[in-house]
Amino acid sequence: MRDFESYKDFMEKCSHCSYCEATCPVYLEDLLETHVARARMELIRAVLVDEEMPVTDRFKEIIDRCLLCTNCRQTCPVNVPVEEIVIAARNKLYKGKRMGMIKRKLLKQIMENRGISGAMGKLSSIAKVAGVKNIPDIPSKSFDDQYEAGTYPPEGEVRAKVVYYAGCATNTMFPETGDIVMKVLKKNGIEVVIPEGLSCCGIPAISEGDLNTASEMIKRNIEVLSKTDTDIIITDCTSCGMTFKEKVVNSLDVDDEFKEKAIAVSMKFREITEYLMDIGLTEKIKPVKEKVTYHVPCHRGWSETVSDAPRKLMEMIPDLTVVEMEHPEKCCGAGGAFFMENKELSEGIRSKKTGEIKQTGASILITQCPSCRSYIGNSSDNDLKIMHPLNLLLLK
Amino acid sequence: MINLGKDLSRLLSKDKVKTDPEDLYSYASDSIRYYAKNNPDAVILPSSAEDVSTVIKYANKNSIPVTPRGAGSGLAGGCVPVDGGIVLDMKRMNSIVEVNRGNMTAITEAGTVLSNFHRAVEKENLFYPPDPQSMSVCTLGGNIATRAGGPRGVKYGTTGNYVLGLEFVLPDGEIINTGGTCVKNSVGYDITHLMTGSEGTLGVITKVISRLIPLPPCKKTIIVGCKTAELAAQIVSTITANGAVPAMLEYISQGATGFLNSYIKTPLISEMEAYLFLELDGIESQIENEANKIRSICKDLGVSDIRVIEDAKEAKSYWDARSKLQPILQSFFKKLIVEDVTVPRDKFPELIRALPEISAATGLLVGAAGHAGDGNVHPSVLLGEVNDETNKKSEEAVDMIINEAISLGGCISGEHGIGLHKSAYLEKSIGKRQVELLKQIKKAIDPDGIMNPGKIWTREAK
Ligand SMILES: Cc1cc2nc3c(=O)[nH]c(=O)nc-3n(C[C@H](O)[C@H](O)[C@H](O)COP(=O)(O)OP(=O)(O)OC[C@H]3O[C@@H](n4cnc5c(N)ncnc54)[C@H](O)[C@@H]3O)c2cc1C
Ligand code: SF4
Ligand code: SF4
């Protein structure tokens, strides 16, 4: 990965304008400027670059209390890669060992298996029954169980061919989303290749600053994906998309021979909704008599169209009523596994989101991010249906 | 020995008091990094005027300096705690208490973010025109304390024109209410407008009563490319002289246009020495009328690059880019010194003409972007390297800019306030007697000098 020192220039690019105060979900909860990107950059420089301040528990807390949501970066006039700097800071601080060994091992295993499935899935249900909170429901059959690696021809003429990268969350938490992706592609004349031997995209390890584990996952994926022969690799998950587009290359060592391959693979990544809006749907769209609202995932900055596409799709669906919430782009507070360690903070962020959703009167919430679907879905104060935009095409 | 953190935690609640070194470090400067000198000794996040009063009483008793702070987006070092002490971060006091349609007024807490306030009043079809470009973060309290303006100043004036009353905590801790919700008021000295622009040196604004106007139903953006800076200046003065009053009339010099192109669809042409960004607002027929007037003025002066932007999203992209200009420029240079001089509107061309000469005389880049329509320009001195020599040269450049503006009948600040940045030039701008008057007023209201010391005037005059 880029060595920590090389982020110094990026930190210096920060013009101190304070515009990041407008969108940082962590800062907006307690309104303490220490938590906003401007101050984070100054502190990281003072503690880890210039070493004029010591590493303290408070400093660690500040570095840990970042969702890596990229909202600051998207607001920033000069595109300071704040979340990458925070990741690099975590890497420098913890050397990949922020969590205890057992947790680290478990995480690695989950990443290798692309999610919690099989025996681990059962374990999580037992844990849930036993009262362990914050564990999502795990369906008994993963996407991998339903769709073996191979090539899946479409109905009728082949209009295009894509590789489908189904990430951890789709594989084990939301296999029905994967199923819907497969069905929609099939109906719309697109041949799908599911490669053998994929791993997690690496974002959980990257978030921990554990770049060694991340590069293991990345290399495995790049190896597999660079052997496929399509121009497009689709994902239904905006965080996997962001990781492949923006994080994979920077997480490898500067002189890593994988870099070139990684760049080639990363160029091919598209989110499924934006891809379909580009190529067009051939299958007639059925009416949906529902009121929906769209939550824009934080990890949208990697593509210009990833947040327009669901809106475009919703416009095409007869009878569908779309109501925008006041701040569709505001974070839900999940941040991958962030909410587990920062319960109160995340719940505060989430309750603002669910309040806005409620105000729209929508019965369905649409969003591409599985982490948001799970976390918003687990809030007690709403009984919404929550789904990926593509679900709208197959609603019964 | 006093223990600030402990004492204040006892007086308020723990969550409102921060004394960890990391938190203190985060409150050392505003938008201009090089103003950071001292950390505060405590950061307090009050949630009511009573909290503020409690803190001030404590500070008064113990002679501790208090520096109010909004978003810390200031460009004059106003919220920098030069003597340490307490920084009062006002942003948790952010509720919009009332938007009164019948009276066209609003009451808000001082920490309310300006763009949130805009949204709230516009929902009621009302309009609060002041629009500092930092509106997504800056607070109403900060705006009032600096008398902030923005592009819409040309037609609608600045913050001061919309303040009807304040809730204010005096330096002895007493909470007073000045002005009120009446749109007329002729009772004694105008304390409300004395506090407006007081930059935190006379006390703490906790609530604001604002005047609102009806929301103009339509708007239109026009972009004009000018082959010479002279021509741009001429267009500005001809538009004004012809009685067309755009809601915004912004001037952007050649050096800056390239930086904006990544944000807009149709690139600005690099050969143009200057661009004018205009927004017209009002009822449709009036806008059409003004647009035609502006078109024919431009044509008569031989301008061909006139873009009338019909698409609202595209129009927004120009204004978004404009609002990012200063931070973008800043990121390309080691140091950027933003001035805020304002000259009578008809003297705008002369000021623009002087800038290349100042640049040539000092060998430094001097750019200009600003609110041309109201004569408020932000000449910026841009340093690629910071060393003794460039620092000295930049001081010379700033001297020249200020002297030029004053000789044209202008003032040293149109909207940013004096803070630390321009205190050395205060006397030059308003004269010795007025500086003395300011100090006497300060002494009368804040005899122990606890409120935001070291600002507006220098301790040792230059
Ligand atoms: C990119 C950029 C663009 C900008 N564009 C403009 C512009 O177009 N027009 C313009 O006028 N300014 C502009 N500014 C400057 C700045 O945003 C304004 O000065 C704004 O009014 C500051 O508000 P704030 O809440 O950030 O106040 P701060 O910077 O926190 O404080 C400013 C001053 O107000 C005092 N203060 C703050 N709150 C209170 C209170 N409640 N009671 C008493 N005193 C208080 C402080 O002590 C300080 O002296 C810009 C700044 C940036 C970074
Ligand atoms: S990545 Fe998100 S949480 Fe972290 S500093 Fe930026 S906006 Fe805040
Ligand atoms: S928005 Fe970007 S440049 Fe501005 S203070 Fe935040 S990180 Fe720095």
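The values are calculated or read from the model by the stated rules, or taken from the named source; none is laboratory data. Keep in mind that what you see is a predicted model, and the values were worked out from it rather than measured. Neighbour counts are summed over all protein chains in view; Cβ atoms, including those assigned to glycine, are modelled from backbone coordinates with ideal geometry. Just so you know, the surface numbers come from the protein's heavy atoms only, side chains and all, with ligands and any DNA or RNA stripped out. Shrake-Rupley method; radii C 1.70, N 1.55, O 1.52, S 1.80 Å.
Things to note:
- Taken across the stretch B:173-185, residues that are among the polar types (S, T, N, Q), surrounded by 24 or more Cβ atoms within 10 Å (Cβ to Cβ), more than 16 Å from ligand 3 (Cβ to nearest atom) and not in a strand (DSSP E or B) do not occur at all.
- Residues that are more than 23 Å from B:Tyr27 (Cβ to Cβ) and open to solvent by less than 30 Å² (accessible area, probe 1.4 Å) number at least 1 in none of the helices (runs of 4 or more DSSP H) confined to the stretch A:1-93.
- Just one of the listed residues (A:Leu68, A:Leu48) is within 16 Å of ligand 3 (Cβ to nearest atom) and more than 9 Å from every other protein chain (Cβ to nearest Cβ), and it is A:Leu68.
- Scanning the stretch A:1-24 for residues that are of a type in the set (Lys, Arg) and within 16 Å of ligand 1 (Cβ to nearest atom) turns up just one, A:Lys13.
- Qualifying residue in the stretch B:333-344 (condition: open to solvent by 40 Å² or more (accessible area, probe 1.4 Å), outside the structural domain of B:Ala244 (by TED's automatic domain parsing) and within 16 Å of ligand 1 (Cβ to nearest atom)): yes
- In the stretch B:93-118, the residue that is farthest from ligand 3 (Cβ to nearest atom) out of those that are under 12 Å from B:Thr206 (Cα atoms), among the small types (Gly, Ala, Ser) and within 17 Å of the chain's Cα centre (by Cα) is B:Ala110.
- Any hit, the stretch B:358-366, residues being within 21 Å of B:Arg33 (Cα to Cα) and either surrounded by fewer than 17 Cβ atoms within 10 Å (Cβ to Cβ) or under 19 Å from the mean Cα position of the chain (by Cα) (or both): yes
- A:Ser124 vs. criteria at pLDDT 85 or above and open to solvent by less than 50 Å² (accessible area, probe 1.4 Å): no
- A:Thr56 being of a type in the set (Val, Ile, Thr) and away from chain B (no Cβ under 11 Å): no
- Positions within the stretch B:325-349 being of a type outside the set (S, T, N, Q) and either free of Cβ contacts under 8 Å to residues at least 60 places away in the same chain or within 14 Å of chain A (Cβ to nearest Cβ) (or both), in sequence order: B:Leu325, B:Pro327, B:Ile328, B:Leu329, B:Phe332, B:Phe333, B:Lys334, B:Lys335, B:Leu336, B:Ile337, B:Val338
- Total residues in the stretch B:107-153 satisfying the condition of being farther than 24 Å from B:Leu278 by Cα and among the aliphatic types (A, V, I, L, M): the figure is 7.
- Long-range neighbours under 6 Å by Cβ, at least six apart or interchain, first residue under 15 Å from A:Lys352 (Cβ atoms) and outside the structural domain of A:Glu326 (by TED's automatic domain parsing) within the stretch A:5-30, second open to solvent by less than 20 Å² (accessible area, probe 1.4 Å) and within 12 Å of ligand 1 (Cβ to nearest atom): A:Ala22/B:Val137
- Selection of the stretch B:28-55 for residues being within 14 Å of another protein chain (Cβ to nearest Cβ), more than 20 Å from B:Lys455 (Cα to Cα) and assigned to a loop (DSSP other than H, G, I, E, B) yields B:Leu45, B:Pro46, B:Ser47.
- Within the stretch B:82-147, strands (runs of 3 or more DSSP E) holding 1 or more residues that are open to solvent by less than 10 Å² (accessible area, probe 1.4 Å): B:86-89, B:105-109
- Those helices (runs of 4 or more DSSP H) lying entirely in the stretch A:158-261 with at least 2 residues in contact with a strand residue (DSSP E or B) (Cβ under 8 Å, 6 or more places away or on another chain) and within 28 Å of A:Gly280 (Cβ to Cβ): A:175-187, A:238-242
- Apart from one condition, A:Ser379 fits all of (1) under 20 Å from A:Lys245 (Cα atoms); (2) of a type in the set (Gly, Ala, Ser); (3) out of contact with any Pro (no Cβ under 8 Å at 6 or more places or on another chain); (4) in a loop (DSSP other than H, G, I, E, B); the exception is (1).
- Only listed residue being on the phi < 0 side of the Ramachandran plot, buried (at least 23 other Cβ atoms within 10 Å of the Cβ) and touching a residue at least 40 places away in the same chain (Cβ under 8 Å), chosen from B:Ile213, B:Ile209, B:Ile223: B:Ile209
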